[in-house]
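One structure is given below, encoded as structure tokens.
The values are calculated or read from the model by the stated rules, or taken from the named source; none is laboratory data. Not measured: the values here are computed from a predicted model. Here the Cβ is made from the backbone with ideal geometry for all residues, glycine too, and neighbour counts use every protein chain on show.
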């Protein structure tokens, strides 16, 4: 599990892990509405992370869990 910063810019959502100095764009989300946002997130680099679902409020910092990837 890691603390990640989520922010939106020009219609893209950026996923930043400070501990790894990694920033990637989220390509696909399990839940993608204003009321229910998050769940399984697929990043551009192929990693899959779980973001706790909840209302969409960006920018924000959350504790996410890596499911698969390098």
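From the list 30, 40, 61, 23, which residue is out of contact with any helix residue (DSSP H, G or I) (no Cβ under 6 Å at 6 or more places or on another chain), without any contact (Cβ under 8 Å) to a residue 12 or more places away in the chain and in a strand (DSSP E or B)?
So the residue among 30, 40, 61, 23 that is out of contact with any helix residue (DSSP H, G or I) (no Cβ under 6 Å at 6 or more places or on another chain), without any contact (Cβ under 8 Å) to a residue 12 or more places away in the chain and in a strand (DSSP E or B) is 23.
Filter region 45-70 down to the residues that are closer than 15 Å to residue 8 by Cβ and over 9 Å from the mean Cα position of the chain (by Cα), then identify the one that is surrounded by the most Cβ atoms within 10 Å (Cβ to Cβ).
So the residue we want is 56.
Being surrounded by fewer than 16 Cβ atoms within 10 Å (Cβ to Cβ) and at pLDDT 95 or above is the requirement here; does residue 20 meet it?
Against the criterion (surrounded by fewer than 16 Cβ atoms within 10 Å (Cβ to Cβ) and at pLDDT 95 or above), residue 20 does not qualify.
Just for region 7-20: of the residues that are under 14 Å from residue 65 (Cα atoms) and assigned to a strand (DSSP E or B), which one is farthest from the chain's Cα centre (by Cα)?
If we take residues in region 7-20 being under 14 Å from residue 65 (Cα atoms) and assigned to a strand (DSSP E or B), then 17 is farthest from the chain's Cα centre (by Cα).
Can you pull out the residues in region 24-38 that are surrounded by fewer than 16 Cβ atoms within 10 Å (Cβ to Cβ) and closer than 18 Å to residue 2 by Cβ?
25
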